[in-house]
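Below: one structure, written as structure tokens.
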Amino acid sequence: MKSMLKLTQTQARNIWIQAQKLDQLQPFGKGVKAVEKAVEQLGYVQIDTIHVIERSHHHILFSRIPNYKKSDLQRAQSEEKTVFEYWTHALSYVPTSHYRYFRPRMSRYKKNAGSWFGSVTSSEMQKVLRLIKSEGALSIRDIQDDVLVEKSHLWASKKPSKKALQLGFHRGDFTISKRQGMLKSYELTDRHFDWEERPKAASPKEYIQFIVQRALKAQGFVSVDSICYLESHIKKEVLSHLKDLENKKILQPVKISNCEKVAFWMLLEVYDDTWNDVSEQLHILSPFDPLIIQRKRLNMIFDYEHIFEAYVPPAKRRYGYFTLPVLHGNNIIAMLDLKTDREQQKLRVQSWHWRPRHKSSSNRQYIEESLHRFEKFQLEK
């Protein structure tokens, strides 16, 4: 084994794309089982409220499951119960088999609700708990007897019960049993999963091992930053575990051209020739896609800085409100700002920007063909 494996940026792109399963037409099969396999491979699928096109969690799954139906995710969550919602770096769908690794975070919320939930009273918590116990899963719309208050934040609610439901969710008392758009129904966690006893909470050491393995599976090669995305407080422990795996000859240290200052690692089993090439699939990706969301890593490996302009004043936007990067093979070739016109049943291209050296008639044809399929997905009920 070489003491240091050196990769080109192209090889690094291929490894990452293969780990994300964006190099195959139908890597997970179809139906609810495909959803379960995709969430397991990716580790999490981020949820977001923006709805100018189909929401990010459906979009991410569609990028890897060509015949994906929104009902497949609903079944996985509400019927098969193989995925559940919880907080990773953001609210996400995660495999139910990973539940134990989120229990320590739930316990921390039980001990300290934090400033956001500090206003939730014991009586408010008891009220929502009593309602769910007696009436079954409910949404905030089902609670009609709240004394309304002034909003303390743009994302807050006039109903005090909303924060109580959210706190119960973060504490693990409740789980989200189903969604209708962004409307969540909360159920008692143990009743939803039919658990007499919950999975044993992971120890701090087990959690570190878990997030390292999750990142290796979804990213192909990892750095401390890519593993600890928005969890910087555990970088020291993660680095120690990576070094331990390296000493045990489980991980191979890696240097990537043009990123020499960053330490990367990959599993020895990934060390083969499959990453020298990647198939020419084309994907219109969500800005919340796991390949795109870590902007610093994306820029290092793809020489592409994704700019998210939804919160930028219109006059200052360069590319558009909700720009989507277009991946073709192992290059990001264009950025599209799309909007679904649901009244007219059309997908509208607000703007189309080519990346340098990628504008061509053949690339345009590939994108236009993908746009037709993407439009059909957007307009499905």
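The number of residues in the range 349-368 being farther than 11 Å from Leu336 by Cβ and in contact (Cβ under 8 Å) with a residue 60 or more places away in the chain comes to 1.
Report yes if some residue within the range 120-136 is at pLDDT 95 or above, surrounded by fewer than 17 Cβ atoms within 10 Å (Cβ to Cβ) and outside any helix (DSSP H, G or I); otherwise report no. Checked against the condition, which is being at pLDDT 95 or above, surrounded by fewer than 17 Cβ atoms within 10 Å (Cβ to Cβ) and outside any helix (DSSP H, G or I), the range 120-136 yields at least one hit. The lone criterion from (1) free of Cβ contacts under 8 Å to residues at least 40 places away in the same chain; (2) crowded, with 19+ Cβ neighbours inside 10 Å; (3) outside any helix (DSSP H, G or I) left unmet by Leu242 is number (3). The condition of being touching a residue at least 40 places away in the same chain (Cβ under 8 Å) and touching a strand residue (DSSP E or B) at 6+ places or on another chain (Cβ under 7 Å) holds for only one of Ala202, Ala215, that being Ala215.
Inspection of the range 330-349 finds a residue satisfying the criterion of being outside any strand (DSSP E or B), surrounded by 14 or more Cβ atoms within 10 Å (Cβ to Cβ) and not hydrophobic (A, V, I, L, M, F, W, C). The residues of the range 167-178 that are in a strand (DSSP E or B) and buried (at least 20 other Cβ atoms within 10 Å of the Cβ), listed by number, are Phe174, Thr175, Ile176, Ser177. Of all the listed residues (Leu91, Leu183, Leu148), the sole one being out of contact with any helix residue (DSSP H, G or I) (no Cβ under 9 Å at 6 or more places or on another chain) and among the aliphatic types (A, V, I, L, M) is Leu91. Across the range 224-239, the number of residues qualifying as in contact (Cβ under 8 Å) with a residue 60 or more places away in the chain and of a type in the set (S, T, N, Q) comes to 1.
Cβ-Cβ distances below 6 Å connect the following pairs, each with a first residue in the range 336-348 that is modelled with pLDDT of 95 or more, a second residue that is loosely packed, with under 13 Cβ neighbours inside 10 Å, and a separation of six or more residues or different chains: Arg348/Asp341.
In this structure, is Ile208 surrounded by 18 or more Cβ atoms within 10 Å (Cβ to Cβ), aliphatic (A, V, I, L, M), in the same structural domain as Arg130 (by TED's automatic domain parsing) and touching a residue at least 24 places away in the same chain (Cβ under 8 Å)? When the stated conditions are applied, Ile208 does not pass them. Per the conditions (1) closer than 30 Å to Ser226 by Cβ; (2) touching a Ser or Thr at 6+ places or on another chain (Cβ under 6 Å), the sole criterion not satisfied by Arg103 is (2). Scanning the range 323-345 for residues being farther than 21 Å from Ser361 by Cα and in contact with a Ser or Thr (Cβ under 9 Å, 6 or more places away or on another chain) gives a total of 1.
Taking the criterion of being charged (D, E, K, R) and either under 25 Å from the mean Cα position of the chain (by Cα) or not assigned by TED's automatic domain parsing to the domain that holds Ala334 (or both), the residues of the range 356-381 that qualify are Arg373, Glu375, Lys376, Glu380, Lys381.
Restricting Ser78, Ser97 to residues that are of a type in the set (Gly, Ala, Ser) and under 18 Å from the mean Cα position of the chain (by Cα) narrows the list to Ser97. Consider the range 179-203 and keep the residues that are assigned to a loop (DSSP other than H, G, I, E, B) and aliphatic (A, V, I, L, M). The one that is modelled with the lowest pLDDT is Met182.
The values are calculated or read from the model by the stated rules, or taken from the named source; none is laboratory data. Predicted model, so just to flag it, every value in this text is computed and none were measured. Don't worry about glycine lacking a Cβ; one is built from the backbone with ideal geometry, like all the others, and counts go over all protein chains shown.
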